[in-house]
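This report concerns only the one structure given below.
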Amino acid sequence: MLQTMTQIHSAEDARRLAKRRLPWMVFDYIDGAAATGHGQALNHAALRDIRLQPRILVNVRERSIAKQVFDHDAALPFGIAPMGMCNLSAPGADLMLARLAAKHKIPHGVSTVASTSLEKIIEVAEGHAWFQLYFSGDGSGMGALIDRAEAAGYRTLVVTLDVPEVGRRPRELRRGFKMPFRIGPKQFVDFALHPRWSLSSLFHGKPGMANFGPDNPFDRTESRASADWSYLAKLRARWPGNLVIKGVLSVEDALRLKSEGVDAIQVSSHGSRQLDSAPPPILMLREIRRALGPEFPLFYDSGLRSGEDVVKAYAMGADFVFFGRLLQYAMAAEGRDGLAQMTQVLADEASLTLAQIGRRDMHDLPSTLATVQQPPLP
Ligand SMILES: Cc1cc2nc3c(=O)[nH]c(=O)nc-3n(C[C@H](O)[C@H](O)[C@H](O)COP(=O)(O)O)c2cc1C
């Protein structure tokens, strides 16, 4: 029997294949970062330069990378970060992610601007979905989305607050990327040069923002700048389930969020897509953990590219972590199969890292394991 060759052995493999297969406009939308990209490079360097202490003569034959998140047992120590318009990376990408979430019982962050409806995603994810909300305009349109999410069975609301305005990402701007998606002459040439993507995307229909329609249009460029602490208080009073605030990089904000009664904080720089000059989020994670104490639920995303990075983020203070771009690279590279390969790579890397450092379990990764080196400037 002919066996398919595994092509993805690392995040870099998936990215390289994605770059080859995607139109430039789509690749630059997914891969791009804010402004010069220096903030992203700094975070990658900071992650790279965290050192984990190896240990010997610990029996690590039996290891588990399962992890509890809220009151739920996830089979993997990482989930899926919310990402808008995922179906651009491959037709049906949202549902590939939803099936992955169902299979491993991991949380699937469903973006406000997902390309599949929030109702369909939670159904396919068999309940393993968290709804991500963007505040927009005066906030009045958000109530209807929250009602829909609740009716669909969502129990965790992730409110992303690091986008008071959409960051300037020159690679997107240069390609003329817009949501909703438009095809002008420039894009036409780009698509013609990437026929594999274009034919399958044309066949499946142009991805759109499925949670919106003519009756409730979405304007990506509409200011989200008027959200303030009183909005948070209203949200807290309105949402009975888990409330997660995503996009936190300040110790002061984290302390205030804790006192306002949120259930978890997600330390994140939005994958370095918002403020180029932000401090490396992986370093802020440790500061925030120190300030909040050992018990408060802290999640992390941004810049993770391996299972070893997952272990590092836990040692820096995370209770759970999320991958973003990496999963889209894998689907762009090889669709569902690429996603399965990438997931296996990440799981293997996390488990092998545990073995090397003499640990058996993701619940047992104290901060003493990780030394932060002063990274040389990239
Ligand atoms: C293409 C793309 C779209 C994104 N869309 C959203 C979104 O709609 N809502 C949100 O909260 N975060 C969004 N994010 C940010 C991710 O949730 C996450 O913070 C980031 O991707 C993590 O960094 P990483 O890509 O380096 O793993 C998006 C990221 C990417 C790459």
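The values are calculated or read from the model by the stated rules, or taken from the named source; none is laboratory data. The model shown is predicted, which means the values in this text are computed figures rather than measured ones. Heads up, the Cβs are rebuilt from the backbone with ideal geometry, glycines too, and the neighbour counts pull from every protein chain shown.
Identification of helices (runs of 4 or more DSSP H) wholly contained in the stretch 158-213 with 1 or more residues that are under 26 Å from F322 (Cα atoms) yields 170-175. Note on the stretch 62-104: among residues that are among the acidic types (D, E) and surrounded by fewer than 24 Cβ atoms within 10 Å (Cβ to Cβ), the one that is farthest from the chain's Cα centre (by Cα) is E62. What number of residues within the stretch 181-212 are over 25 Å from the mean Cα position of the chain (by Cα), surrounded by 13 or more Cβ atoms within 10 Å (Cβ to Cβ) and aromatic (F, W, Y)? Of the residues in that region, 1 qualify.
In the stretch 125-156, what residues are of a type in the set (A, V, I, L, M), farther than 18 Å from M209 by Cβ and surrounded by fewer than 24 Cβ atoms within 10 Å (Cβ to Cβ)?
Across the stretch 125-156, the qualifying residue is only A151.
Of the residues screened, L298 is one that is more than 14 Å from the chain's Cα centre (by Cα), of a type in the set (A, V, I, L, M) and closer than 24 Å to S351 by Cα. Close Cβ contacts (under 8 Å, 6 or more residues apart or on different chains) running from residues in the stretch 253-271 that are over 24 Å from G84 (Cβ atoms) to residues that are among the aromatic types (F, W, Y) and not in a helix (DSSP H, G or I) comprise K258/F296.
If the condition is being of a type in the set (D, E, K, R) and more than 14 Å from the ligand (Cβ to nearest atom), then the stretch 302-318 contributes only E308. Please enumerate the residues belonging to the stretch 42-80 that are without any contact (Cβ under 8 Å) to a residue 40 or more places away in the chain, in contact with a helix residue (DSSP H, G or I) (Cβ under 9 Å, 6 or more places away or on another chain) and farther than 21 Å from A340 by Cβ. Residue satisfying the conditions is R61 alone. Once the stretch 91-120 is narrowed to residues that are closer than 16 Å to A74 by Cβ and in a helix (DSSP H, G or I), the residue that is nearest to the ligand (Cβ to nearest atom) is L97. Considering only residues in the stretch 125-146 that are modelled with pLDDT of 95 or more and under 19 Å from the mean Cα position of the chain (by Cα), the one that is farthest from the ligand (Cβ to nearest atom) turns out to be G127.
Could you tell me whether the stretch 285-301 includes any residue that is at pLDDT 95 or above and within 9 Å of the ligand (Cβ to nearest atom)?
Going through the stretch 285-301, the residues at pLDDT 95 or above turn out to be 285-301.
So of that shortlist, the ones also within 9 Å of the ligand (Cβ to nearest atom) come out as 301.
Yes, because at least one residue in the stretch 285-301 is at pLDDT 95 or above and within 9 Å of the ligand (Cβ to nearest atom).
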